[in-house]
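Here the structure is laid out as structure tokens; the discussion comes afterwards.
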Amino acid sequence: MATTGDEIFCDYSRGMSVGRLGLGDSVLYPYQSFWIFAEALENVKDFQKNFEALDTDLILASVPKSGTVWLKALVFTIVNRTRYPIFSSSHHHPLLTISPHDLVPFVDFKHVYPDCSLLDFTKKSSHIDHYDSPCRLIATHVPYPSLPESIMDDATNCKTVYICRNPPDTFISLWHFINKIRTMPESNDNSGIPPLSSKKESTLLSIEDAFEFFCDGVSEFGPYWDHVLGYWKASLEKPHKLLFLKYEDLKKDPEPHLKKLAEFLGYGFSIEEERQGVINGILNLCSFQHLKNLDVNKNGILWCNFVANKDIFRKGEVGDWKNYLTPAMVERLDHLTEEKLHGSGLAF
Ligand code: A3P
């Protein structure tokens with residue numbers, strides 16, 4: 001870390017640059033209590049200043065690489081199942097041809113969703129033209145203390161779902177993702193966003209360097225532990241406003257968790273739907289294998305040519321960290337997690 005004038009920044013140039021992440025500068029800045037890229041910062045400030053929650057709003061929050069895309073697919077499908085039925089031969093489900101990241105956009109990366117009126121918070125009725133969703137569905141990685149106040153305010157019925165994932169799997173997923181982005185070929189799109197070709201020659205990020213940064217709390221929207229704890233505590237204080245989900249629970253026992261999620265969102269399943277197998281239909285539609293093998297997710301390019309859709313669907317497993325972390329790394333991460341989460345009631 002280094003200091004320039006008033007600003008402290010984390011210089012990734014010694015190999016930590018995330019290259020083609022699409023956030024322009026390769027420097028993470030501290031903002032409020034977290035780390036953020038310069039371009040995303042303007043979006044977050046806009047969100048904080050201009051977003052006013054509506055009763056019907058649903059916010060999907062997460063720390064990066066914890067299963068956000070899965071949550072987006074599930075929530076979009078639950079909420080829109082009248083408009084886009086699961087078992088219909090006449091209706092073409094949007095998930096079959098559109099990435100979940102486009103169906104439920106990130107406020108933090110507004111600059112890579114050109115013309116997305118859903119993210120124009122000066123227009124109150126903007127939600128109606130985004131894939132005809134009955135409500136505004138938006139995603140964010142912003143830590144809990146930095147959310148716009150109206151989101152958790154009891155004056156509205158706006159609800160938030162948070163998904164988190166165990167620290168070692170989150171870290172391994174992040175490390176792979178950064179390196180995928182760093183090696184993505186240069187784009188020739190006309191989006192006006194610089195292709196970051198200057199980063200092409202940069203070397204891959206070693207797991208050791210990435211691990212040091214992660215453990216030091218330096219990761220996008222991190223520190224990881226603060227992020228998870230912030231939402232965890234809020235979910236205990238306001239369970240009617242915030243549902244806290246764990247990736248591992250969803251993987252292990254998907255049916256009851258999907259039911260719980262749908263009920264929390266206000267879109268619970270009827271007995272008739274349960275009888276028809278709608279819950280399993282949604283789980284299958286949004287399953288890792290199904291989404292990963294769709295043409296849009298195999299060949300598509302997301303976010304103005306910054307991310308290949310296929311890089312969003314890697315392994316989708318619990319425990320992949322065992323293939324990468326040394327015993328010393330595991331011990332350090334376990335120790336850190338125990339120390340940070342001690343007394344919170346949250347465990348992985
Ligand atoms: P891995 O890299 O471990 O495979 P995010 O969406 O927050 O970026 O999280 C990405 C992680 O979620 C990746 O983990 C990805 O493979 C996994 N993932 C994506 N879609 C999934 C799905 N439908 N079910 C389970 N995991 C999924």
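Miscellaneous remarks
- Residues of the range 89-105 satisfying the condition of being hydroxyl-bearing (S, T, Y) and either within 11 Å of the ligand (Cβ to nearest atom) or open to solvent by less than 30 Å² (accessible area, probe 1.4 Å) (or both): S99
- Boolean, A347 is more than 15 Å from the ligand (Cβ to nearest atom) and part of a loop (DSSP other than H, G, I, E, B): yes
- Residue selected from the range 318-348 under the condition free of Cβ contacts under 8 Å to residues at least 24 places away in the same chain and under 22 Å from H227 (Cβ atoms), by the criterion surrounded by the fewest Cβ atoms within 10 Å (Cβ to Cβ): G343
- Condition check for E273: acidic (D, E), away from the ligand (no atom under 11 Å from the Cβ) and out of contact with any Ser or Thr (no Cβ under 6 Å at 6 or more places or on another chain): yes
- Selection from the range 300-320 of residues that are more than 9 Å from the ligand (Cβ to nearest atom) and hydrophobic (A, V, I, L, M, F, W, C): I301, L302, W303, C304, F306, V307, A308
- Residue within the range 15-27 that is at pLDDT 50 or above, of a type outside the set (S, T, N, Q), under 19 Å from L174 (Cβ atoms) and in contact with a Cys (Cβ under 6 Å, 6 or more places away or on another chain) present: no
- Scope the range 52-78; condition open to solvent by 10 Å² or more (accessible area, probe 1.4 Å) and away from the ligand (no atom under 16 Å from the Cβ); matching residues: E52, A53, L54, D55, T56
- Meets criteria (open to solvent by 20 Å² or more (accessible area, probe 1.4 Å), at pLDDT 95 or above and within 21 Å of P239 (Cα to Cα)) for Y144: yes
- Number of residues in the range 279-299 that are assigned to a loop (DSSP other than H, G, I, E, B), surrounded by fewer than 18 Cβ atoms within 10 Å (Cβ to Cβ) and near the ligand (Cβ under 10 Å from one of its atoms): the value is 1.
- Matching residues in the range 293-319 - criterion: being out of contact with any strand residue (DSSP E or B) (no Cβ under 9 Å at 6 or more places or on another chain) and under 12 Å from P100 (Cβ atoms): L294, V296, N297, F313
- Contact annotation: residue pairs with Cβ atoms under 9 Å, 6 or more positions apart or on different chains, pairing a residue in the range 267-282 that is on the phi < 0 side of the Ramachandran plot and among the aromatic types (F, W, Y) with a partner that is in a helix (DSSP H, G or I) and open to solvent by 40 Å² or more (accessible area, probe 1.4 Å), are F269/K259; F269/E263.
The values are calculated or read from the model by the stated rules, or taken from the named source; none is laboratory data. Model, not experiment: these values are computed from the prediction. Cβ: placed from backbone, ideal geometry, glycine included. Neighbour counts: every protein chain shown. Just the protein is used for accessible areas: all its heavy atoms, side chains included, with ligands, DNA and RNA removed. Shrake-Rupley method; radii C 1.70, N 1.55, O 1.52, S 1.80 Å.
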